[in-house]
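The next block holds one structure in the form of structure tokens; read it before the comments.
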Amino acid sequence: MFRKSIAFAATVILSGCVSTNNIPIDEAKLTSAQPKSITVTQREKPDFSAMTAGKAYLGIFGAAAMISEGNEIVEQNHVEDPASYISQTLRKVLAQKYQLSVAESQQLIDSDNAADIARTYHDADLILDIETINWSFVYYPTDWDNYRVIYSAKLRLVDARNETTLAEGFCASVPEEEASAPSYEELVENNASVLKTKLRSAADHCIQEFEHNVLAI
């Protein structure tokens with residue numbers, strides 16, 4: 001994970017781009033399949049990158065330092081991975097819409113494969129998988145003293161009974177430059193309260209994107 005994150009931070013930190021086309025849910029097909037229950041996946045908290053101008057000049061060593069510093073900020077301030085909030089929110093909405101019971105599981109998974117997900121969470125008919133692809137903060141190219149918080153996530157809705165993907169989507173939040181953008185100190189002070197607020201806002205954005213573009217809610 002650490003080596004993958006170094007390469008990732010060095011190349012696609014601004015967009016967190018993943019080649020994922022939105023595959024909207026087929027409501028009629030899902031209804032006819034008569035699922036009875038839904039659960040959500042659990043994944044390890046991914047590496048967080050804190051990209052400052054000074055570290056950007058250090059190449060691969062700078063990328064490692066960004067991730068080391070970012071993970072320290074997350075750990076010391078108990079910053080939660082937004083994927084958990086997104087998955088819990090969307091699971092509740094799906095459960096209400098399709099009258100599903102909610103199943104809980106503490107099992108971790110690190111695979112993107114629908115069959116692996118289905119076999120890991122076989123106690124439920126439907127499995128909602130929200131995976132954080134990128135969470136980080138980075139200075140603006142024209143303003144090295146202020147930062148934007150970037151977040152991207154991938155959604156999969158898997159039918160455990162036949163190990164197939166029912167819906168899939170990608171969301172990214174990359175704020176434009178703004179006068180009110182916080183400084184590094186403002187992001188991390190008071191237990192990183194501003195960072196947490198920015199991440200929650202990005203998560204809410206992704207919830208809306210997934211609801212409208214993927215889950216037809």
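The values are calculated or read from the model by the stated rules, or taken from the named source; none is laboratory data. Values in this document were obtained by computation on a predicted structure and should not be read as measured data. Here the Cβ is made from the backbone with ideal geometry for all residues, glycine too, and neighbour counts use every protein chain on show. In case anyone asks, the SASA skips ligands and DNA or RNA and just uses the protein heavy atoms, side chains included. Shrake-Rupley method; radii C 1.70, N 1.55, O 1.52, S 1.80 Å.
Points to keep in mind about this one:
- Cα-based helix-to-principal-axis angle, 59-76 vs the chain, degrees rounded to 10: 70 degrees
- Dimensions in Å of the chain - Rg and Dmax from alpha carbons: 18.1, 56
- Once backbone amide H atoms are built at 1.01 Å from N, residue 133 has 152, 153, 154 as its partners under 5 Å, excluding neighbours fewer than 5 places away on the same chain.
- Two numbers describe the Cα atoms of region 72-183: Rg and Dmax, which are 17.3, 51 Å.
- In order along region 32-49, the phi-based Karplus estimate (6.51 cos²θ - 1.76 cosθ + 1.60, θ = phi - 60°) of 3J(HN,Hα) comes to 5, 6, 6, x, 10, 8, 9, 9, 10, 6, 10, 10, 5, 5, x, 5, 10, 10 Hz; Gly and Pro are listed as x.
- Here's how it looks for residue 39: its modeled amide H is under 5 Å from those of 103, 126, 127, 128, which are all 5 or more places away or on a different chain.
- Multiplying the residue separation of residue 77 and residue 36 by 0.36 nm and removing their Cα-Cα distance gives an extension gain of 10.9 nm.
- Computed from Cα atoms, the angle from the helix 184-213 axis to the main principal axis of the chain rounds to 30 degrees.
- Over the C-alpha trace of region 111-151, radius of gyration and Dmax come out as 17.8, 51 angstrom.
- What the chain shows is 50 Å² of accessible area per residue, with the surface traced by a 1.4 Å probe over protein heavy atoms.
- Distance between modelled label sites at residue 68 and residue 113, nm, 7 Å Cα→Cβ extension: 3.5 nm
- Each residue of region 93-107 was assigned a 3J(HN,Hα) from its phi angle through the Karplus expression (A = 6.51, B = -1.76, C = 1.60, θ = phi - 60°), giving 5, 5, 4, 5, 5, 9, 6, 9, 7, 9, 9, 10, 8, 9, 5 Hz with x at Gly and Pro.
- Amide H contacts under 5 Å for residue 140: 146, 148, restricted to partners 5 or more places along the chain or on a different chain, H placed in the peptide plane at 1.01 Å from N.
- Inter-probe distance in nm under a simple model that places probes 7 Å from Cα toward Cβ, at residue 164 and residue 142: 5.0 nm
- Ordering 124, 100, 142 by Cα displacement along the dipole of region 89-162 toward the positive end leaves 100 in first place; charges were set at the Cβ atoms of Lys, Arg (+1) and Asp, Glu (-1).
- Beta bridges by DSSP in the chain, antiparallel share as percent, to the nearest 5: 75 percent
- Above-threshold pairs, the threshold being 20 Å between Cα atoms, out of 36/97; 92/196; 29/97; 45/97: 92/196; 45/97
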